[in-house]
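**Q** The structure under discussion is supplied below as structure tokens; questions concerning it will follow.
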Amino acid sequence: SELREQFIANVSHELRTPLAISKEALSLLLRGKVGDFVGRQREILTIASNNIDRLSVLIDDILDFSKIEAGKMEIHKDPADIVTLVKESFAGWKLRADVKKIQMSLNVPETPVVVPVDKSRFLQIVSNLLNNALKFTPEGGMIEIQLVDGENEVECRVSDNGPGISPEDMPKL
């Protein structure tokens, strides 16, 4: 178990290095630091950059799964405005939705909603939900992100018009 944990950590580290270098190179290109674009080059580079972000999330998920399995997952809750966090996540996924011709809507309270939360874990959960919604929503579809501030709880909903989760996969959730 310890050897497997160490292997996963090493592989994750080795994958992150070339991803970080590739991300920085794409960032330089997208910021126009090495010249102008012709035709659809910006769009294609943006897609590549977004896919590098997706790979980074997958690597983080693998590491987290390993930590959960080993009982070493740490949660650090601090007061945070989850309206801002949801807006941040929405903005990050909106471009990918635009490329797939999927409409995204955001419905959040106008005022901050401050709750004790582990920011990185919360963003990871919202990102995973949006990633799945984008993966399974057909072109021309719609995804809605909604934050509902209840009396003693806050609910974050991600809904789409994709095929949904099959009944046989429901127990896996």
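The values are calculated or read from the model by the stated rules, or taken from the named source; none is laboratory data. Keep in mind that what you see is a predicted model, and the values were worked out from it rather than measured. With ideal geometry, Cβ positions are generated from the backbone for all residues, glycine too; neighbour counts draw on all protein chains shown. Note: accessible area is taken over every heavy atom of the protein model, side chains too, but ligands, DNA and RNA are not part of it. Shrake-Rupley method; radii C 1.70, N 1.55, O 1.52, S 1.80 Å.
**Q** Is it fair to say LEU29 is modelled with pLDDT of 85 or more and either closer than 23 Å to SER89 by Cβ or of a type in the set (A, V, I, L, M) (or both)?
**A** Yes: the conditions hold for LEU29.
**Q** Which one is surrounded by the most Cβ atoms within 10 Å (Cβ to Cβ) among residues in the range 131-173 that are within 19 Å of ARG96 (Cα to Cα), among the hydrophobic types (A, V, I, L, M, F, W, C) and out of contact with any strand residue (DSSP E or B) (no Cβ under 6 Å at 6 or more places or on another chain)?
**A** LEU134
**Q** Which of the residues that make up the range 46-90 are open to solvent by 60 Å² or more (accessible area, probe 1.4 Å) and not in a helix (DSSP H, G or I)?
**A** GLY71, LYS72, GLU74, ILE75, HIS76, LYS77, ASP78, PRO79
**Q** Now for a separate question. Looking at the structure I just gave you, is LEU106 under 18 Å from ARG157 (Cβ atoms), open to solvent by less than 50 Å² (accessible area, probe 1.4 Å) and either in a helix (DSSP H, G or I) or of a type outside the set (Ser, Thr, Tyr) (or both)?
**A** no
**Q** Within the range 85-142, how many residues turn out to be of a type in the set (Val, Ile, Thr) and either at pLDDT below 85 or under 17 Å from VAL57 (Cα atoms) (or both)?
**A** Counting residues in the range 85-142 that are of a type in the set (Val, Ile, Thr) and either at pLDDT below 85 or under 17 Å from VAL57 (Cα atoms) (or both) gives 4.
**Q** Also: Would you mention how many residues in the range 35-80 are among the small types (Gly, Ala, Ser) and in contact with a strand residue (DSSP E or B) (Cβ under 9 Å, 6 or more places away or on another chain)?
**A** Looking only at that region, the number is 1.
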